[in-house]
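Trainee: Quick one: this structure, given as structure tokens, is what I'll be asking you about.
Here, each number is a calculation from the coordinates, and none is a lab measurement. Bear in mind that the values here come from a model prediction, so they are computed numbers and not experimental data. Here the Cβ positions follow ideal geometry from the backbone for every residue, glycine too, while neighbour counts run over all protein chains shown.
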Amino acid sequence: MKHLYFVRHGLTEMGKSGLRAGAGSETLLAPEGHEQARYAGRHAKTLNIDHIISSPQKRAHHTAQIIAHEIGFPEKDIVVNSLFIERHFGELEGLKWKPDMNIDGFADVEMTDTLLHRMHLAYEFLRSLPFDNVLVVSHGSTGRALRHTIHPDIPFHGSEPFQNGQIVQLL
């Protein structure tokens, strides 16, 4: 793999309402989220993407399908991989988002160490792929954890969040 790109799914209805949507929530893309995905697809045309991997959650997979359509990538070739699912937020699922909240220790929340371990496994999987330009379509926490795994100098906590629909080069 020569280049690895990451995109956080388009804005969702829950996100629009400021609600936390983790692995336990299925929420649809808002109209703005569809437009963000189309914009990401137009940007992806310049990146020669030859492989797309998506979280199995509908918001990410739908974003991946829109991007694939924009770049002429066969939707049937999008690989869905559960390693890229959003962090489990447990009892905080569906509650108002508080950006500086330390969520480790809440009931049923996927601990940071567990998430980082999962992203280590995800990165090993990505490194094994025979493709040159890979796009991962996933979620905010997952993306920050993957970025930290690849670039340990960029902290997971307090690092720059990924904007919805913005493609970022990780490698």
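Trainee: Given the C-alpha centroids of the stretch 91-124 and the stretch 128-171, what is the distance between them in whole angstrom?
Mentor: Using only Cα atoms to place each centre, the spacing works out to 15 Å.
Trainee: Order these by the 10 Å Cβ neighbour count, fewest first: His69, His157.
Mentor: His157, His69
Trainee: Can you work out the PRE-style zone for Ser82? Point 7 Å along Cα to Cβ, and I want the residues of the stretch 113-148 with backbone N under 16 Å.
Mentor: Counting backbone N atoms under 16 Å from the label point, the list is 115, 118-119, 121-122.
Trainee: Something else about it: Among Thr149, Thr114, what is the fewest-to-most ranking by other Cβ atoms within 10 Å?
Mentor: Ascending number of Cβ neighbours within 10 Å: Thr114, Thr149.
Trainee: Give me the orientation-averaged projected area of the Cα convex hull of the stretch 81-126, in nm², one decimal.
Mentor: Average projection, Cα convex hull of the stretch 81-126: 3.7 nm².
Trainee: Report the calculated FRET efficiency for Asp113 and Asn48 (r = Cβ-Cβ distance, R0 = 35 Å), to the nearest 0.05.
Mentor: Once the sixth-power term is evaluated, E becomes 0.45.
Trainee: Amide H neighbours of His88 under 5 Å, at least 5 residues apart or on other chains, H built in the peptide plane: list them.
Mentor: Ala23, Glu110
Trainee: Name the residues whose placed amide hydrogens come within less than 5 Å of the amide hydrogen of Ser54, ignoring near sequence neighbours (fewer than 5 apart) on the same chain.
Mentor: Here the answer is Val79, Val80, Asn81, Val137, since their amide H atoms fall under 5 Å of that of Ser54.
Trainee: Pairs of Cα atoms under 8 Å, at least six residues apart: use those to get the relative contact order of the chain, whole percent.
Mentor: RCO, the chain: 38 percent.
Trainee: Right, here's the next one. For the pair Glu91/Leu121, report the inter-label distance in nm, with labels modelled 7 Å from Cα in the Cβ direction.
Mentor: 2.6 nm
Trainee: Angle between the Cα long axis of helix 31-44 and the longest principal axis of the chain, 0 to 90 degrees, nearest 10?
Mentor: That works out to roughly 50 degrees.
Trainee: Pairs of Cα atoms under 8 Å, at least six residues apart: use those to get the relative contact order of the stretch 31-112, whole percent.
Mentor: Answer for the stretch 31-112 is 26 percent.
Trainee: On average, how much area does the Cα convex hull of the stretch 3-169 cover when viewed from any direction, in nm²?
Mentor: 8.7 nm²
Trainee: For the chain, take the longest principal axis of its alpha carbons; what is the angle in degrees between that and the long axis of helix 58-71, to the nearest 10 within 0 to 90?
Mentor: 20 degrees
Trainee: Which of rounded, prolate or oblate describes the stretch 1-44 when judged by the alpha-carbon gyration tensor and an a/c cut-off of 1.5?
Mentor: Oblate, since a/c reaches 1.5 and b/c is not below a/b.
Trainee: If I model a spin label as a point 7 Å beyond the Cα along the Cα-Cβ vector, how far apart are those points for Phe106 and Lys2 in nm?
Mentor: Inter-label distance under the simple model: 4.3 nm.
Trainee: Pop out the ³J(HN,Hα) list for the stretch 145-155 in order, Karplus 6.51 cos²θ - 1.76 cosθ + 1.60 with θ = phi - 60°, rounded to Hz; leave Gly and Pro as x.
Mentor: So the J values, rounded to whole Hz, are 5, 5, 4, 5, 5, 6, 10, x, 6, 9, x.
Trainee: Next question. Which of these, Lys76, Lys96, Lys16, has the largest mean-square fluctuation under a Gaussian network model of the chain (Cα springs below 10 Å)?
Mentor: It is Lys76.
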